[in-house]
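Q: Sharing a structure, written as structure tokens. Questions coming.
The values are calculated or read from the model by the stated rules, or taken from the named source; none is laboratory data. Everything numeric in this text was worked out from a predicted model, so none of it was measured. No Cβ is skipped: glycine too gets one built from the backbone with ideal geometry, and neighbour counts run over all protein chains shown.
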Amino acid sequence: MRHSWRIGRIFGIDINIDSSWFLIFILFTWILGANYYPQTYPGWSPLLYWVIGIMTSLLIFTSVLIHELAHSIVAIKQGEKVRNITLFILGGVARISEEPKKPFQELLMASVGPITSFGLGFVFFVLALALKGTSVALHAAASYLGLINIVLGIFNLLPGFPMDGGRVLRSIIWKITGDLRRATRIASRTGQALAFLLMVLGGIQVLRGYLSGLWLIFIGWFLHSAAVRGYRRIMVETVLKGVTAQDLMTKNYESVNHDLSIQELVDNFILKGKERVFLVLEEDEVRGIVCLEDVKATPREKWATEKVKDIMTPREKLMFVSPGSDGTKILDSLTARDIHQVPVLDQGQIVGIIYRTDVLRFIQLRSELGV
Ligand SMILES: [Zn+2]
């Protein structure tokens, strides 16, 4: 389980730091304090190298935070909700709760990031000019920060999802074709291609003896998986848009009595039919659900003595949805809780069951047929 800490709140947005962030912070400080500054500017005291190193690292992450805040503020202005901003090993991410509704909205939200980074780069370069002749150390730090913000801006402009440039590309294709799914597919593919290119470049560097290539491989790998994940997410959201529990549920489910032994459940129900899940009833009242996994988890010698009610998931512990529940949210909670099915409850009565496999099949069929 990952850990993150809330360090503050800006414009109503929680700012979190992921545990992996400390690693990159220490690495950056070390690279700057022990390598970059001593090699580029010889003759400072060791303490000064570290002070400037720590200060530069902190300002790099402040810059990343400002970049993410720019995305978030534009998102909020567009009526979106921003849940939080998290800083982690590869920078920052703003969790915006919904996908943009119009191409222009996405263009605006995405492009403001690199624009902010270029703006910060400009500010730091101006600061560096102003500090020239006053303090060598502060001038050095400001120049470095100017450069790093420009590099950040350029890197984020790479036209592949999930980089900002990929979102810009997506919004343009979306505007031209009117097809968000196709636009996402193309932006995701270019993102994967760029990520692959980074990994190849990293590999070449490593083969030539530069260990820093490992870093490129790592970034490439991360971007690749983010591109794939982002695409799947959009597919699911597009296909399940407007789909509710009612459309996904099946009414074909069987019930068993709570006093049934497990052996009887296996012989007379599981092996005879094709169902894997059964509602457990006690005088027409639903008491819980029993599924194949519950049976498998019970040692065979207990099948004759234990009853269905002993191994079922009781009603109090079950998750329910209502017929109007949103399809994407249902799939999310099934995945998050790692459960295979959920009963649909309408005014206290169970009216159907939704199986995770059915939802996945629903998505697959629709996306294959393009409907
Ligand atoms: Zn960005």
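To keep it simple, each residue is scored yes or no on (1) within 16 Å of the ligand (Cβ to nearest atom); (2) more than 20 Å from the chain's Cα centre (by Cα); (3) more than 30 Å from THR177 (Cβ to Cβ).
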position: LEU108; (1), (2), (3): yes, yes, no
position: GLY113; (1), (2), (3): yes, no, no
position: GLY121; (1), (2), (3): yes, yes, yes
position: PHE124; (1), (2), (3): no, yes, yes
position: ALA128; (1), (2), (3): no, yes, yes
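Q: Of all residues being assigned to a helix (DSSP H, G or I) and in contact with a Phe, Trp or Tyr (Cβ under 9 Å, 6 or more places away or on another chain) in the range 89-106, which is nearest to LEU23 (Cα to Cα)? Just the residue, please.
A: As a first pass, look at the range 89-106 and keep what is assigned to a helix (DSSP H, G or I): 103-106.
If we keep only those that are in contact with a Phe, Trp or Tyr (Cβ under 9 Å, 6 or more places away or on another chain) too, we end up with 103, 106.
On the way: PRO103: 37, GLU106: 32 Å.
Per the criteria, the residue is GLU106.
Q: Would you be able to say whether some residue in the range 154-176 is in contact with a Gly (Cβ under 7 Å, 6 or more places away or on another chain), away from the ligand (no atom under 16 Å from the Cβ) and either on the phi > 0 side of the Ramachandran plot or among the β-branched types (Val, Ile, Thr) (or both)?
A: no
Q: When you scan the range 109-117, do you find a residue that is surrounded by fewer than 17 Cβ atoms within 10 Å (Cβ to Cβ) and modelled with pLDDT of 85 or more, even just one?
A: Taking the range 109-117 and keeping what is surrounded by fewer than 17 Cβ atoms within 10 Å (Cβ to Cβ), we get 115.
Those still in the list that are modelled with pLDDT of 85 or more too: 115.
Yes, some residue in the range 109-117 is surrounded by fewer than 17 Cβ atoms within 10 Å (Cβ to Cβ) and modelled with pLDDT of 85 or more.
Q: A further question follows. Since THR134 meets every condition but one in (1) in a helix (DSSP H, G or I); (2) more than 36 Å from the chain's Cα centre (by Cα); (3) surrounded by fewer than 15 Cβ atoms within 10 Å (Cβ to Cβ), which condition does it not meet?
A: (1)
Q: Let me ask something additional. From the residues in the range 293-308 that are free of Cβ contacts under 8 Å to residues at least 24 places away in the same chain and loosely packed, with under 15 Cβ neighbours inside 10 Å, which one is farthest from MET249 (Cα to Cα)? I'd like the intermediate steps shown before the answer.
A: Step one: filter the range 293-308 for residues free of Cβ contacts under 8 Å to residues at least 24 places away in the same chain, giving 294, 296-297, 299-301.
Adding the requirement that they be loosely packed, with under 15 Cβ neighbours inside 10 Å leaves 296-297, 299-301.
Numbers: LYS296: 25, ALA297: 26, PRO299: 32, ARG300: 32, GLU301: 35 Å.
Applying the filter and picking the extreme gives GLU301.
Q: When you look at PRO38, is it surrounded by 15 or more Cβ atoms within 10 Å (Cβ to Cβ) and without any contact (Cβ under 8 Å) to a residue 12 or more places away in the chain, yes or no? It would help to see each step written out before you state the result.
A: Details: surrounded by 15 or more Cβ atoms within 10 Å (Cβ to Cβ): yes; without any contact (Cβ under 8 Å) to a residue 12 or more places away in the chain: yes.
Yes; evaluated as a whole, the condition is true for this residue.
Q: Among the listed residues LYS296, LYS309, LYS317, identify the single one that is of a type outside the set (A, V, I, L, M, F, W, C) and in contact with a His (Cβ under 8 Å, 6 or more places away or on another chain). Spell out the reasoning first.
A: Values: LYS296 fails: in contact with a His (Cβ under 8 Å, 6 or more places away or on another chain); LYS317 fails: in contact with a His (Cβ under 8 Å, 6 or more places away or on another chain).
Criteria check complete, one pass: LYS309.
Q: Given the criteria modelled with pLDDT under 85, away from the ligand (no atom under 16 Å from the Cβ) and of a type outside the set (D, E, K, R), does SER143 qualify? Let's see the steps before the verdict.
A: On the way: modelled with pLDDT under 85: no; away from the ligand (no atom under 16 Å from the Cβ): yes; of a type outside the set (D, E, K, R): yes.
In short, no.
Q: Moving on. Being modelled with pLDDT under 90, of a type in the set (Val, Ile, Thr), more than 30 Å from GLY327 (Cα to Cα) and surrounded by 17 or more Cβ atoms within 10 Å (Cβ to Cβ) is the requirement here; does ILE217 meet it?
A: Details: modelled with pLDDT under 90: yes; of a type in the set (Val, Ile, Thr): yes; more than 30 Å from GLY327 (Cα to Cα): yes; surrounded by 17 or more Cβ atoms within 10 Å (Cβ to Cβ): yes.
It is true that ILE217 is modelled with pLDDT under 90, of a type in the set (Val, Ile, Thr), more than 30 Å from GLY327 (Cα to Cα) and surrounded by 17 or more Cβ atoms within 10 Å (Cβ to Cβ).
Q: When only residues in the range 53-85 that are buried (at least 21 other Cβ atoms within 10 Å of the Cβ) and more than 25 Å from the chain's Cα centre (by Cα) count, which is farthest from the ligand (Cβ to nearest atom)?
A: Within the range 53-85, the match that is farthest from the ligand (Cβ to nearest atom) is GLY53.
Q: Any residue in the range 91-110 that's over 22 Å from LYS329 (Cβ atoms) and of a type outside the set (A, V, I, L, M): show its pairings with residues that are more than 12 Å from the ligand (Cβ to nearest atom) and assigned to a strand (DSSP E or B) at Cβ separation under 8 Å, as long as the two are six or more apart or on different chains.
A: Filtered contacts from the range 91-110: GLY92/THR86.
Q: Okay, moving on. Please find, among ILE330, ILE270, ILE353, the residue that is among the aliphatic types (A, V, I, L, M), buried (at least 16 other Cβ atoms within 10 Å of the Cβ) and more than 35 Å from the chain's Cα centre (by Cα). Outline the logic, then answer.
A: Working: ILE330 fails: more than 35 Å from the chain's Cα centre (by Cα); ILE353 fails: more than 35 Å from the chain's Cα centre (by Cα).
Answer to the check: ILE270.
Q: Being at pLDDT 85 or above and either touching a Lys or Arg at 6+ places or on another chain (Cβ under 8 Å) or in a strand (DSSP E or B) (or both) narrows it down to one residue among ILE354, ILE330; which is it? Reasoning before the result, please.
A: Details: ILE330 fails: either touching a Lys or Arg at 6+ places or on another chain (Cβ under 8 Å) or in a strand (DSSP E or B) (or both).
None of the others qualify; the one that does is ILE354.
Q: If you check ILE89 against the conditions, is it within 12 Å of the ligand (Cβ to nearest atom), among the β-branched types (Val, Ile, Thr) and at pLDDT below 90? Lay out the reasoning, then the answer.
A: Numbers: within 12 Å of the ligand (Cβ to nearest atom): no; among the β-branched types (Val, Ile, Thr): yes; at pLDDT below 90: yes.
Spelling it out, it is not the case that ILE89 is within 12 Å of the ligand (Cβ to nearest atom), among the β-branched types (Val, Ile, Thr) and at pLDDT below 90.
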